[in-house]
Amino acid sequence: MPAITNHLPTAELQALDAAHHMHPFTTNDELAAQGARIITRANGVYLHDSEGNEILDGMAGLWCVNIGYGREELAEVAARQMKELPYYNTFFMTTHVPAIALAKEIASLAPAHLNHVFFAGSGSEANDTNLRMVRTYWAMKGKPSKTVVISRKNAYHGSSVGSGSLGGMSPMHAQGGLPIPDITHINQPHWWAEGGDATPNDFGLACAQELEATILAMGEDRVAAFIAEPIQGAGGVIIPPETYWPEVQRICDKYEILLIADEVICGFGRTGNWFGSETVNIRPDIMTIAKGLSSGYQPIGGSIVSDEIATVINSGEFNHGYTYSGHPVAAAVALENLRILQEENVLDHVRDVAAPALAEMWNGLGDHPLVGETKIIGMMGSLALTPKKETRAKFAADAGTAGYMCRERSFANNLIMRHVYDRLIISPPLVITPEEIKLMGQRARLALDEAYVQMKDLDLLKEAS
Ligand code: PXG
């Protein structure tokens, strides 16, 4: 079989890709017509493509390459582990050193009452675990009617049937029969888009109190858990008003509803602490982890579980698990990633250097005529595009048109930013330097300027009526 190498011409690779490769969250016919961008290698915060471009990765891959690309140590650990023990499972009374060591390390980094890890291969799988685990927990405690999980509209918890149901993305629910029963969604604390005339703090409180109203309407004997990202990522980096989380915590405590914090994006330094739960000061019963756990170098996820839940679950058999739960190579690589994060004081770099520089750059874009608000916490930021800041107006054009144009101009200027409808978002590697952040700012502003001119020419700066 001939090898497919990086040295094939771009057009040939694109044709092969279009012929055989179905991409996630993509209109594949459109992609085939345009030709996919082919990433060939990466180092630090830079990606390289098959056309020789060097692209600043403002998204750390998909919010995951926290330590940056090209760390040889992780490759070496993977090679060593593959030679020693490439695979064994953790079912049927067996274990291995990488899974033991990683579980212990995660427990030492997590809040004091979270000391137990159930491994998965991804964030989606981990959230499927959580769904089954919280229902099983209540059943084992003699309360089998507590099956409902409350989540939020526009949340992202993964793409499997369970995690996609937990998520609140309506285009996902529209395909394949989601959500499954006994999952319900309340409003998100997205003041810019949905806060109307309320102050952010009043709106945050009202959103949290919708949780209480939902619990009371269903009866607390029906509700197992509330799941949420401390800061919504894929939904558009939505940072809730400061009134939101304390009220949610109060409500979960009052009605004994388990709190699942989905830390897949927020975990491992993204918000400036080890976990987003620390940043927003909540006390979850379970945390979902993936992405930054291995900085994306290996697929691995998991659930960090409280002592109380683990005690109950461990008293019986939990009929659940994945072939690759605690995969030795993935676990060894994740452990090396955690070593680097700690020994190189990456969280200090975030808090003292990178996050302040990123905030200054990002907030500096607030004076651009397309930008309504800038929001940033730690190393994740968003900005709202609007034709009129004063009224938080939407564009007359279809939602996402402006966002797409800015994203496209950003790519054209060798900066990866994402758009979620008409919000632009960033989430760069945590190790990014002030110089690289400056370059990011220059490219982001150029993208906004170019998109503004295009939109003006196409008469797209009109407000929705
Ligand atoms: N929870 C959260 C909070 C996530 O952000 C998942 C769970 C699922 O993880 P896996 O490993 O199964 O993908 C995620 C994933 C985007 C984007 O475009 C975001 C994610 C995945 C793909 C695309 O923002 N987040």
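The values are calculated or read from the model by the stated rules, or taken from the named source; none is laboratory data. Note that this is a predicted model, so its numbers are computed, not measured. Because the Cβ atoms are built from the backbone with ideal geometry, glycine has one as well, and the counts that use them run over all protein chains shown. Heavy atoms of the whole protein, side chains included, go into the accessibility calculation; ligands, DNA and RNA do not. Shrake-Rupley method; radii C 1.70, N 1.55, O 1.52, S 1.80 Å.
Below, the figures for the structure above:
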| item | result |
| --- | --- |
| In nm, spacing of pseudo-spin labels at H20 and E242 (7 Å Cα→C-beta vector) | 5.6 nm |
| Set K438/K462; K153/K291; K291/K394; K146/K254; K291/K389 screened for pairs whose C-alpha atoms are more than 24 Å apart | K438/K462; K291/K394; K291/K389 |
| Order of exposure, largest accessible area first, which applies to I180, I282 with probe 1.4 Å | I180, I282 |
| Relative intensity, log₁₀ I(q)/I(0), of the range 242-305 from a Debye sum that treats every alpha carbon as a point, q = 0.18, 0.24 Å⁻¹ | -0.64, -0.98 |
| Gain on full stretching of the segment that runs from E343 to T95 - 0.36 nm per residue minus C-alpha separation | 86.6 nm |
| The range 73-343: antiparallel DSSP beta bridges as a percent of all, rounded to 5 | 45 percent |
| K462-D197 pseudo-label distance in nm [points 7 Å out on the Cα-to-Cβ vector] | 2.8 nm |
| Accessible surface of K254 - all protein chains present, 1.4 Å probe, nearest 10 Å² | 120 Å² |
| Fraction of the pair-distance distribution of the chain above 35 Å, Cα-Cα pairs, percent | 32 percent |
| FRET E, pair D182, H7, Förster distance 45 Å, beta-carbon r, rounded to 0.05 | 0.30 |
| Under 5 Å, built H, 5+ apart or other chain: amide partners of G372 | A384, L385, T386 |
| For the range 90-171, size of Cβ-based charge dipole, Lys and Arg +1, Asp and Glu -1, in debye | 420 debye |
| Computed magnitude of the charge dipole of the chain (debye, nearest 20; Cβ of K, R +1, Cβ of D, E -1) | 480 debye |
| Farthest toward positive dipole pole in the range 73-343 [+1 Lys/Arg, -1 Asp/Glu at C-beta], among F118, P241, L211 | F118 |
| Which of H327, H21, H157 is most accessible, then next, and so on - probe 1.4 Å | H21, H327, H157 |
| With all protein chains modelled, accessible area of T323 [1.4 Å, Å²] | 80 Å² |
| Within-13-Å neighbourhood charge of R250 [Cβ basis; K, R +1; D, E -1] | -2 |
| Cα lying deepest toward the dipole's positive end in the chain, options G272, G441, L370, charges on Cβ | G272 |
| Stretch gain in nm, segment D221-A33, where the contour uses 0.36 nm per residue and the Cα spacing is subtracted | 62.4 nm |
| In Å², nearest 10: area of T288 left accessible to a 1.4 Å probe | 0 Å² |
| Label-point separation, D307 to R283 (7 Å along Cα→Cβ), nm | 1.2 nm |
| Debye, to nearest 20: dipole size of the range 73-343, +1 on Lys, Arg Cβ, -1 on Asp, Glu Cβ | 540 debye |
| Theoretical gain in end-to-end length, T40 to N53 [0.36 nm per residue, Cα-Cα removed] | 3.7 nm |
| Å² per residue, accessible surface of the range 73-343 at 1.4 Å | 39 Å² |
